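J.: Please see the structure below; I have some questions.
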Amino acid sequence: MDHRKPATADQFSIPELTSVTPVGHLAGSRRVLADLVDLLYRQAPVSFVITLVVAAIVGFELWDAQHRKLLLAWEALTVLVTAARALSWFAYFRGARRSEHLERWLRWYALGALATGVLWGIAGAEFFPLQTDERKVFLAFLLAGMLASGIPVFSAFWWVYAAYGVGIVLPFTYVLAIHGTRLHAELALLVPFFFAVNVAVALRLSRVFSDGFRLRHAHERLAQDHADLNNQIQEQIDELLQAQREIEASGRKLALFAERAPIAVFDIDGMRTILDMNPAAENTFGYSATELSGRNLQRMLFPPEEPLNRDEWWSDFMNGRQPASGVRASCMRRDGIEIMCEFSLTPLVNDEGDLISVIVQGRDITQQLEVERVKKEFTSTLSHELRTPLTSIIGSLQLINSGMMGDLEQEVAELTQVAERNGQRLLDLINDLLDIEKIESGKLTLSVEPISIDALVRDALVLNRGFADRYKVRVAVRGDVPVVTVNGDYKRLLQIMTNLISNAAKFSPEGELIDVEVKIYGNTVKVTVEDRGPGIPAEFRPRIFSRFAQADSTYTRQKGGTGLGLAICKRLIEHMNGQIGFLDREGGGSIFYFDLPIAAVDAATPIH
Ligand code: ADP
């Protein structure tokens, strides 16, 4: 039985007593037949003994010189028939598969019984006429006895007894009728009558036997069913006990979770009455569990205007029976301090749809909100208080450095150039910080439009020419640029291109070439920037697109940068449904690429 499956009602059904359910390897009626045949054979030795003993008595009583030969011949025949029957008896009990040949064994037995009956019939027919009156009585008495004694021995099958009896009765009746006195002739009429009565008794007995066996089998089946039933009940009890142990264990586990959880957990009922709470809830709200249990959650913790305190909100939640999360509410601690909490509410409903309880999990987010506020303030400071003046400082420096304000002395010019470069680096950093903040707070908005990739590549090359010159590298387009259109934010794509090209320029040895290539793969366009620099160190690869990630080498640090560029690129390109990645370049260097879905393909036109 499958232990995980509970027993179903029909597993307990008890077979009908009269059914022919196989018991052992035999069907019911066949088994009864087997038992009856078995009974016959088991009783056979009684018949052998009676036959031989009575035959000996006959020999002793009827012995005289006149009929000696006849008597000896009869005795020999009787011993022979009994020996043959004994042999078949022996063979039956030695035979391995006797139950398969029941009918054959029964036939042999019936034949043996008939032969024995005929022998007694012959004895009556042959010896009766030759005897004195006294011996006649003896013989008649003997034959009647043999007829009667056959009942218990042969009546497992009434017709076996009948065959035996016919063997005795027919010849004897015949002799009585024709070779005796009138009295004998009358007796000849009575003998078949007695025989018929005996057969009727045998018939009843054979029915009693077969009913007895049938009952015994039914009883065995019942006992078996009873044992099976007991086993099933025991298995079910074991399963239930196991399930109970598992439930207890998981209950303890759950209790431990709640007890050790760093967030406040309340167990409340449908009326918002607190049933239980964990230690973190005690810490968060300053009440002990005994103080709050049995009290109303909303009245104890929330000011009246809070959504959790409003009955409509609660009845909506109760009707919906759906978990609610991210529910923010300001709560009153016991000491009167107001804190901001974020709650998740999970209704526990049983199979019938009845509410068992509501699990309320809450965490104090006052500090988190404060951090967010400070971050926001910082961002706006960066944006307005730093970026705006810095832009105008850089603008002024650019004006001075361009010579429009007149020639500068060599030393002054060098200083203003350093100031412009560092100002620009500072502005890049501020821009990167603002970008990442915008992306992560979900405030990034893209102005998506159809963009021609060849125009994008051309602009990126022009824009980065100055940068490349500074690092004394060349940037060139390899092969033809297919004219395809993608949907994206032009400024942001240019920012990505600039980041990849400027990284490649930063890390390329002087005088080296940076290849930019555009290829179409199915319905995506792949833009690659290939440099001949040091490549990306293996341990740094998994982190390269994370914020503030820089390979920890002096070489990288010498090159400067914030470690934000690639993180921004990844998020930007993903916002445009694209992908960014990098590969090793054969012979040294890296290949950075981004893929974008193609919006439209035009005829390929090479750009130079
Ligand atoms: P930044 O360049 O501003 O430091 P990035 O996010 O663009 O930030 O790059 C992160 C780091 O990845 C770099 O500091 C550098 O260690 C590594 N890196 C980026 N591009 C390359 C490149 N083409 N060759 C070698 N290292 C690179």
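J.: When only Cα pairs under 8 Å and 6 or more residues apart are kept, what is the percent relative contact order across the stretch 167-310?
T.: Over the stretch 167-310, the number comes to 10 percent.
J.: Using the basic label-point model (7 angstrom from Cα toward the beta carbon), what is the residue 393 to residue 130 distance in nanometres?
T.: Those two pseudo-labels are separated by 15.5 nm.
J.: Evaluate the relative contact order of the stretch 74-154 (contact order divided by residue number), counting alpha-carbon pairs under 8 angstrom at least 6 apart; express in whole percent.
T.: Result for the stretch 74-154 is 31 percent.
J.: Hey, another quick one. In nm, to one decimal, how far is the residue 196 label point from the residue 260 one, both placed 7 Å along Cα→Cβ?
T.: 9.6 nm
J.: With equal scatterers on the alpha carbons only and no solvent term, can you work out the Debye log10 of I(q)/I(0) for the stretch 371-507 at 0.11 1/Å?
T.: One equal scatterer on each Cα of the stretch 371-507 leads to -0.57.
J.: Reported to two decimal places, what Rg/Rh ratio describes the stretch 153-198 when computed on Cα atoms with Rh from the Kirkwood expression?
T.: Checking Rg against Rh, the ratio lands at 1.07.
J.: Write out the trypsin sites (Lys or Arg not before Pro) in the stretch 473-528 meeting two conditions: DSSP loop, and at most 16 other Cβ atoms within 10 Å of their Cβ.
T.: Sparse-neighbourhood loop trypsin sites (Lys or Arg not before Pro): 478.
J.: Taking every pair of alpha-carbon atoms in the chain, what share in percent sits in each 20 Å bin, from 0 to the bin with the longest distance?
T.: In order of increasing distance, the bins hold 13, 20, 16, 12, 11, 14, 10, 3, 1 percent.
J.: Also, quick follow-up: In nm, to one decimal, how far is the modelled label at residue 68 from the one at residue 344, with both set 7 Å along Cα→Cβ?
T.: 11.8 nm
J.: How much accessible area per residue does the chain have, counting only protein heavy atoms and a probe of 1.4 Å, in square angstrom?
T.: 57 Å²
J.: Over 18 Å between Cα atoms: which of 376/443; 375/570; 472/506; 438/526 fall into that group?
T.: Among 376/443; 375/570; 472/506; 438/526, the Cα-Cα distance tops 18 Å for 375/570; 438/526.
J.: Please work out, to two decimal places, the log10 of the ratio I(q)/I(0) at q = 0.16, 0.17, 0.19 Å⁻¹ from a Debye calculation in which every Cα of the stretch 213-284 carries one identical scatterer.
T.: With one equal scatterer per Cα and no solvent, log10 I(q)/I(0) is -0.74, -0.78, -0.85.
The values are calculated or read from the model by the stated rules, or taken from the named source; none is laboratory data. Just so you know, these numbers come straight off a predicted model, no measurement behind them. Cβ: placed from backbone, ideal geometry, glycine included. Neighbour counts: every protein chain shown. To get the accessible areas, we keep the full protein, side chains included, count just its heavy atoms, and leave off ligands, DNA and RNA. Shrake-Rupley method; radii C 1.70, N 1.55, O 1.52, S 1.80 Å.
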